[in-house]
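Here the structure comes first, spelled out in structure tokens, and everything after it is commentary.
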Amino acid sequence: MLKNPIVLLDIVNRLANVMRSEYRRVGGEEGLQPVHIQALLFLQQVNRFSNTPQALAEYLNVTKGTISQSLLLLDRHGLIERYQDDVDKRVVRLRLSALGEAFLEESNPASLWQSGAREISAHRIRYCVTVLRAILFEIQSLNGGTPFGVCNNCIYYQRKSQRIHHCAWFGERLTGPETRKICREQAPKSSSLSA
């Protein structure tokens, strides 16, 4: 029974429901729904190449209309900022405002999750991440979705030296912190599990 992937799906769904409830609680005083908290968390984690409304809609797997309305609300609350891309002025970029950063720091929407995972070893967490990422990648591939992923686990990531990082896809130098951000264009080094 424990080897049945449907058991894993049930656990993932239950965890998602618990976290959605936590996001609802965290955003309640501000009038924010779980999708708004998820949008803020996305902007906290995303790199400078993927911080667009379209990438956010793809990441959350919601419609452009939902994202448009969510961004309007977050903008009215002063939690995000919109700005033009430096190169292509038609592209709108998003980032957390100082108020948005403070909100996430004070509310710490991941605290319940962190408490629940506190006693789990780093090795087991790494394994779980590998398994769930592989499943997510496979489902998104089958569905035609965008995989997203952390920069330093991408085939385009190049570490030139201890302090010099480069993205071959965009042809740009990366800062150390950027290599730990998520990217829309990420292509995993390996989509298969080595059990």
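The values are calculated or read from the model by the stated rules, or taken from the named source; none is laboratory data. Since we're looking at a predicted model, the values are computed, not measured. Counting neighbours? That spans all protein chains shown, and the Cβs are built from the backbone with ideal geometry, glycine included. These area figures cover heavy atoms from the full protein model, side chains too; ligands, DNA and RNA do not enter into them. Shrake-Rupley method; radii C 1.70, N 1.55, O 1.52, S 1.80 Å.
Annotation: of all residues in region 29-41 being free of Cβ contacts under 8 Å to residues at least 60 places away in the same chain and either open to solvent by less than 50 Å² (accessible area, probe 1.4 Å) or part of a loop (DSSP other than H, G, I, E, B) (or both), the one that is farthest from Pro109 (Cα to Cα) is Gly31. Screening Arg14, Arg82 for residues that are assigned to a helix (DSSP H, G or I) and either open to solvent by 40 Å² or more (accessible area, probe 1.4 Å) or acidic (Asp, Glu) (or both) leaves exactly one candidate, Arg14.
Here Arg95 meets each of (1) part of a helix (DSSP H, G or I); (2) within 30 Å of Phe170 (Cβ to Cβ); (3) under 16 Å from the mean Cα position of the chain (by Cα) with one exception, condition (1). If you go through region 170-187 and keep only what is surrounded by fewer than 16 Cβ atoms within 10 Å (Cβ to Cβ) and either touching a strand residue (DSSP E or B) at 6+ places or on another chain (Cβ under 6 Å) or in a loop (DSSP other than H, G, I, E, B) (or both), you end up with Phe170, Gly171, Arg173, Thr175, Gly176, Ala187. Determine whether Leu142 is assigned to a helix (DSSP H, G or I) and open to solvent by 70 Å² or more (accessible area, probe 1.4 Å). So Leu142 passes the test. Take the conditions (1) free of Cβ contacts under 8 Å to residues at least 24 places away in the same chain; (2) open to solvent by less than 50 Å² (accessible area, probe 1.4 Å); (3) not small (Gly, Ala, Ser); Ile125 misses just one of them, which is (2). Does at least one position in region 106-122 carry a residue that is at pLDDT below 90, surrounded by 12 or more Cβ atoms within 10 Å (Cβ to Cβ) and not small (Gly, Ala, Ser)? Scanning region 106-122, I find no residue that is at pLDDT below 90, surrounded by 12 or more Cβ atoms within 10 Å (Cβ to Cβ) and not small (Gly, Ala, Ser), so the answer is no.
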